[in-house]
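A.B. asks: Starting off with a structure, shown below.
The values are calculated or read from the model by the stated rules, or taken from the named source; none is laboratory data. These figures come from a predicted structure and were not determined experimentally. When we count neighbours, we look across all protein chains shown, and the Cβ atoms used for this are built from the backbone with ideal geometry, even at glycine. Just the protein is used for accessible areas: all its heavy atoms, side chains included, with ligands, DNA and RNA removed. Shrake-Rupley method; radii C 1.70, N 1.55, O 1.52, S 1.80 Å.
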Amino acid sequence: MKKNVILVLVIFILIVAVIMLLLYQKSERERLDIIKERLTFNLIQLQLIELKNVIKEQSTSHSIDYEEINEKFDYLTKGIAITLSVSSLAKGISKEDEELLFSLYEHFSHYVDKSEGVIYSESEWIEIIKIGESIKLSGFDESETISENWSDTIIKLRKLSANINE
């Protein structure tokens, strides 16, 4: 009888321990997802909207501040790199999403110039205007609801990637 009670007690303790471990792992994954989503919101989505606004403002005023546009591309590429690094280290990103972010990083980094007095050529400026339009068409616009949800953001980033690679 004592052995049965001890055995039941041990099994009960093991079951509770496994449940606690599973809950801990779930809460750890949820925290990582929250961090990833906030990084994406602050470092990518908001930077895309700011870049789009600067491009639109400067293309309509016909007064191009190359330094400001260069700075916005620089902030965006750094935001993508940080999000990619943190998400990869935390193993909280799929290979497909990682490749998407890396391709966007590579594309936007072509417009970052570390030298003083950066000037974009006419063809680059046309491409930059297309990027601004693509950002808006992809759903990154302050007039639309901006979601922190990772899946929603990835859908918009896929649209952006398709639009800028047309």
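A.B. asks: Mind checking which residues of the range 57-101 are within 13 Å of W125 (Cβ to Cβ) and either in contact with an Asp or Glu (Cβ under 8 Å, 6 or more places away or on another chain) or part of a loop (DSSP other than H, G, I, E, B) (or both)?
C.D. replies: If the condition is that a residue be within 13 Å of W125 (Cβ to Cβ) and either in contact with an Asp or Glu (Cβ under 8 Å, 6 or more places away or on another chain) or part of a loop (DSSP other than H, G, I, E, B) (or both), then Q58, H62, S63, I64, D65, N70 are the ones that fit.
A.B. asks: Could you tell me whether any residue of the range 69-85 is surrounded by 15 or more Cβ atoms within 10 Å (Cβ to Cβ) and without any contact (Cβ under 8 Å) to a residue 24 or more places away in the chain?
C.D. replies: yes
A.B. asks: State the number of residues belonging to the range 123-160 that are assigned to a helix (DSSP H, G or I) and closer than 19 Å to E37 by Cβ.
C.D. replies: 11
Table: residues versus (1) more than 17 Å from L101 (Cα to Cα); (2) at pLDDT below 90; (3) crowded, with 18+ Cβ neighbours inside 10 Å.
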{"position": "E127", "(1), (2), (3)": "yes, no, no"}
{"position": "K130", "(1), (2), (3)": "yes, no, no"}
{"position": "S138", "(1), (2), (3)": "no, no, yes"}
{"position": "D141", "(1), (2), (3)": "yes, yes, no"}
{"position": "S147", "(1), (2), (3)": "yes, yes, no"}
{"position": "R158", "(1), (2), (3)": "no, no, no"}
{"position": "I164", "(1), (2), (3)": "no, no, yes"}
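A.B. asks: Go through (1) open to solvent by 60 Å² or more (accessible area, probe 1.4 Å); (2) part of a loop (DSSP other than H, G, I, E, B); (3) touching a residue at least 40 places away in the same chain (Cβ under 8 Å) for E116 and report which single condition fails.
C.D. replies: It is condition (3) that E116 fails.
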